[in-house]
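Step one of this worksheet: look at the structure below.
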Amino acid sequence: MRISHGLRSERVDEDFEPRIPTARFEGIMNFVAIDFETANYRSNSACSVGLVKVVGGEIVDKAVHLIKPPTREFVFTYVHGLTWKDVAKSPDFGNLWQSLAAFLEGAEFLAAHNASFDKGVLHACCARYGLESPSLPFQCTVQIARRTWSIYPTKLPNVCRYLGIDLNHHEALSDAMACAQIVLAANKQPATQAVSLRRNSAARQTART
């Protein structure tokens, strides 16, 4: 499932050999990878969201939604290709939240590339519509990529190129799928490299109880 809005597709070379190991990391946690695109500089201006659900180390579901932001102002059309016309008839975040919250059920953490951005958008949108923000911790795939493979620079296209992951950058579902694959790839590394993901999430879970 993919929505295209005339964006430039950034894909790896045909003859590039992916560096993702083939062995599966046992006991991987359940999580949702998430990516927001925003209309303008306001954090509550989400205009698209992509989500990918992982259960037991397997991708089991994915979703992408267009979102009508609070205002018609679009600054970042040049980034993601979306305009007010594309989203004018879409639900706003408040009306979409029930579907999003249901998708997040069972997740132990959320994964995002440059997670502080997506966390800020999620919380700002919840605040805008009087909703309680989810208490799920975020794992940042920028930090995961640096810690696991020492990838620099660590923009999403850089990491995807290194791992051989297909990417249509700034299309929300494609970005979320890439984040999910980065987490899964990191957890296929030797336990000494991957265990910190599990420990960090477990510590946050304990802190919340």
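The values are calculated or read from the model by the stated rules, or taken from the named source; none is laboratory data. Being a predicted model, the structure only gives us computed values, none of them experimental. Because the Cβ atoms are built from the backbone with ideal geometry, glycine has one as well, and the counts that use them run over all protein chains shown.
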Just the residues that are touching a helix residue (DSSP H, G or I) at 6+ places or on another chain (Cβ under 6 Å) and not β-branched (Val, Ile, Thr), please, taken from the stretch 136-155. 137, 138, 140, 145
Is it the case that the stretch 62-83 has a residue that's under 30 Å from residue 190 (Cα atoms) and of a type outside the set (Phe, Trp, Tyr)? yes
For the list (1) more than 15 Å from residue 46 (Cα to Cα); (2) at pLDDT 95 or above; (3) not aliphatic (A, V, I, L, M), I need the number of the one condition that residue 188 fails. (2)
Which one is surrounded by the fewest Cβ atoms within 10 Å (Cβ to Cβ) among residues in the stretch 110-135 that are within 17 Å of the chain's Cα centre (by Cα), part of a loop (DSSP other than H, G, I, E, B) and without any contact (Cβ under 8 Å) to a residue 60 or more places away in the chain? 133
Filtering the stretch 136-159 for residues that are outside any helix (DSSP H, G or I) and either more than 21 Å from residue 184 (Cα to Cα) or of a type in the set (A, V, I, L, M) (or both) leaves a count of 2
Condition set acidic (Asp, Glu) and farther than 18 Å from residue 130 by Cα, scope the stretch 86-107, selection farthest from the chain's Cα centre (by Cα): answer is 86
Report, ordered by the first and then the second residue, all pairs with beta carbons closer than 8 Å, sequence separation of six or more or different chains, a first member in the stretch 160-176 that is farther than 21 Å from residue 187 by Cβ, and a second member that is among the polar types (S, T, N, Q) and assigned to a helix (DSSP H, G or I). 168/174
Can you tell me how many residues within the stretch 79-109 are in contact (Cβ under 8 Å) with a residue 40 or more places away in the chain and loosely packed, with under 15 Cβ neighbours inside 10 Å? 2
